[in-house]
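Worksheet: the structure to be examined is printed underneath.
Please treat every number below as a calculation from the coordinates, not as lab data. In this text the structure is predicted, and so the values were computed from the model without any measurement. Note that we place each Cβ from the backbone using ideal geometry, even for glycine, and neighbour counts take in every protein chain shown.
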Amino acid sequence: MSYFVYKLEPHRPDFPAGMTEAEAGTMGEHVAYWQALADKGTAVVFGPVADPAGFWGLAVVEAEDEDQVRAIRAADPAVRDGIGRVGIHPMPDAITGRPRRAAP
């Protein structure tokens with residue numbers, strides 16, 4: 001298993017301010033999706049980052065390989081509904097305080 005940074009950049013600079021009702025619904029689904037991944041141990045941490053240049057989302061994911069993280073991205077409601085774009089970055093020398101999970 002390896003670790004990856006999952007960076008969600010919003011589709012407009014003022015997001016999440018002024019979210020539409022549809023966007024708010026999608027973001028609710030997005031949070032539930034990531035909470036389920038955290039509950040399974042796949043997402044080590046996730047949430048918004050209060051960058052002075054504008055909010056963006058971050059997750060650290062423990063996965064078998066980058067293809068698994070791409071599948072996570074494809075199923076993410078925020079990506080599905082075009083609310084943001086996601087960069088995936090490997091963390092080849094990640095150090096954590098938790099035991100590594102065995103591959104399924």
Considering residues that are within 14 Å of the chain's Cα centre (by Cα), in a loop (DSSP other than H, G, I, E, B) and over 22 Å from Gly28 (Cβ atoms), the number found within segment 59-99 is 0
Residue set Pro52, Pro48; condition over 13 Å from Tyr3 (Cβ atoms), touching a Leu at 6+ places or on another chain (Cβ under 9 Å) and surrounded by fewer than 16 Cβ atoms within 10 Å (Cβ to Cβ); output residue Pro48
Result of the Cβ filter at 6 Å on segment 32-51, keeping first residues that are under 16 Å from Met91 (Cβ atoms) and partners that are assigned to a helix (DSSP H, G or I) and of a type outside the set (Lys, Arg), at least 6 apart or interchain, is Ala43/Trp34; Ala43/Leu37; Phe46/Trp34
Filtering segment 29-58 down to residues that are outside any helix (DSSP H, G or I) and hydroxyl-bearing (Ser, Thr, Tyr) yields Thr42
Scanning segment 13-28 residue by residue, the ones that are part of a helix (DSSP H, G or I) and either of a type in the set (Lys, Arg) or surrounded by 10 or more Cβ atoms within 10 Å (Cβ to Cβ) (or both) total 7
